[in-house]
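The values are calculated or read from the model by the stated rules, or taken from the named source; none is laboratory data. Model, not experiment: these values are computed from the prediction. All Cβ positions, even for glycine, are placed from backbone atoms using ideal geometry, and neighbour counts span all protein chains on display.
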Amino acid sequence: MQLTSGILERLPQVWVLVGLLIIAGGVYLGFDYTLVFAYLWIGTFCFAYGVVLFVFQLLDGAGKSNARPLSRDFISAGPTVIMPAPQADQEPTSS
């Protein structure tokens with residue numbers, strides 16, 4: 001399925017972002033907070049897990065998805081005509 005492959009390809013970036021946010025939260029709380037080291041360990045684990053997933057994806061070649069790129073006219077459904085112009089062979093009728 002196309003949707004899940006796109007999500008799974010970006011999963012390492014999510015892990016790295018979560019890890020960096022947890023580390024930043026721990027640093028923001030300061031080293032006087034008792035659980036700051038838990039924040040740093042968990043954040044480092046998430047960051048490292050994201051990097052490992054990214055390396056495995058590079059080695060596996062999963063970055064080359066078989067999804068077709070969208071065409072330039074993806075949104076367009078053709079020419080939009082609000083009111084068709086009268087054709088040349090028809091003469092306007094006058095009453």
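Kindly indicate which of V27, V51 is modelled with pLDDT of 90 or more, surrounded by fewer than 16 Cβ atoms within 10 Å (Cβ to Cβ) and either in contact with a strand residue (DSSP E or B) (Cβ under 6 Å, 6 or more places away or on another chain) or under 26 Å from E9 (Cα atoms) (or both).
On the way: V27 fails: either in contact with a strand residue (DSSP E or B) (Cβ under 6 Å, 6 or more places away or on another chain) or under 26 Å from E9 (Cα atoms) (or both).
Result of the check over V27, V51: V51.
Here F45, F56, F37 are screened, and the one residue that is part of a helix (DSSP H, G or I), at pLDDT 95 or above and of a type outside the set (A, V, I, L, M) is F45. For segment 10-23, state whether one or more residues are outside any helix (DSSP H, G or I) and without any contact (Cβ under 8 Å) to a residue 24 or more places away in the chain. The answer is yes; a qualifying residue exists. For segment 1-24, filtering for residues that are within 13 Å of Q57 (Cβ to Cβ), surrounded by fewer than 14 Cβ atoms within 10 Å (Cβ to Cβ) and over 12 Å from the mean Cα position of the chain (by Cα) leaves 0. The criterion of being touching a Gly at 6+ places or on another chain (Cβ under 8 Å) and at pLDDT 65 or above does not hold for Q87.
Every condition in (1) in contact (Cβ under 8 Å) with a residue 60 or more places away in the chain; (2) touching a Phe, Trp or Tyr at 6+ places or on another chain (Cβ under 9 Å) holds for G26 except the one numbered (1).
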